Each structure stands twice: as structure tokens, then as C-alpha cells.
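Right, one structure below, let's go through it.
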Amino acid sequence: GLGFNIVGGTDQQYIANDSSIYVSWIKKDGAAYLDGRLQEGDKILAINGKELKDLRHKDAVELFRNAGYYVSLKIQRRLQPQNGPVGHRGDGESGGLPLAAILVPGLALAATAVWILLRYRQRM
């Protein structure tokens, strides 16, 4: 299998007035766990290009079971506020620092270290 469980559907709403499909559990060392991108609580919008709208739970499960070896998921990342229930980010992006916020200071530090090393070697 894909290594995760889903909840939701028109007949088994996980969230009131929302028949979407959500990841409820990720199996440790399963395919989804090893890939590392899917998280518990993520809303699955589509699988292999097929939107998961207005489906009964068992029909959604069948889509996952018959997905094949290569699976493409379109998800909406959950957003968990400090004080309150789980919500959902509208743009589908995960939270956290942008890559540039990590790379730019790191590159600046590396460039400074190289400059100091070269200056030190010139004095010898």
C-alpha cells in the first residue's frame, strides 16, 4: 500500500460540513513516511490528477488502492494555530522558513570564512 490511512467522504465527514478526504495516519517506514512530504491532517485534493470531490469514503479508498506504482497527490497542508483547532492553509504551501532565509546567511558565512582563510595565507 501507500502507507497511510484516510478519513472523510460524503458519507463519513471527518469535519462537519466538509466531505473532503484527509490523511489520518501515516505508517512508520511505509511509502508515504519514507517519502516524507505527506503529513497527518493533510487534505488530499486529487490523486493522479483525479479530484477527490463528492466521493463516498469507500470510493476514495478504491482510488488509492488502484493508484498504481507511481502516485501523484495534490494536497492542502494543514495549518495548526497556537490556540485552536486544526485549520487549513488556502494556498497549499507548508509553513516554515523560506529556503533563502537559510541559504543566504549560510553562504555569507562561508564566503567570510574563505576570505579570512585567504587573507591569513597571504600573510604567511
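Taking a cut-off of 12 Å between Cα atoms, list the aspartates and glutamates near Lys74, but don't count ones fewer than 8 places away on the same chain.
Asp42, Glu51, Asp91, Glu93
How large is the accessible surface per residue of segment 4-76, computed with a 1.4 Å probe and reported in Å² as a whole number? Write out the running numbers ahead of the final one.
Numbers: 4750 Å² over 73 residues.
Averaged over the residues of segment 4-76, the accessible area is 65 Å².
Hey, any idea what the orientation-averaged projected area of the convex hull of segment 4-76's Cα atoms comes to, in nm²? Numbers along the way, then the final one.
Working: hull surface 17.7 nm².
Across all orientations, segment 4-76 yields a mean hull projection of 4.4 nm².
Just reorder Arg78, Arg65 by solvent-accessible area, largest first, 1.4 Å probe, all chains present.
Working: Arg78 75, Arg65 175 Å².
In descending accessible area the options line up as Arg65, Arg78.
Treating cross-link reach as a plain straight distance, find the lysines whose alpha-carbon is under 18 Å from the alpha-carbon of Lys58, omitting any fewer than eight places away in the same chain.
Within the straight-line limit of under 18 Å, Lys58 reaches these lysines: Lys43, Lys50.
The values are calculated or read from the model by the stated rules, or taken from the named source; none is laboratory data. What you see is a predicted model, and the numbers here were worked out from it, not measured in a lab. The accessibility values were calculated without ligands, DNA or RNA, using every heavy atom of the protein model including side chains. Shrake-Rupley method; radii C 1.70, N 1.55, O 1.52, S 1.80 Å.
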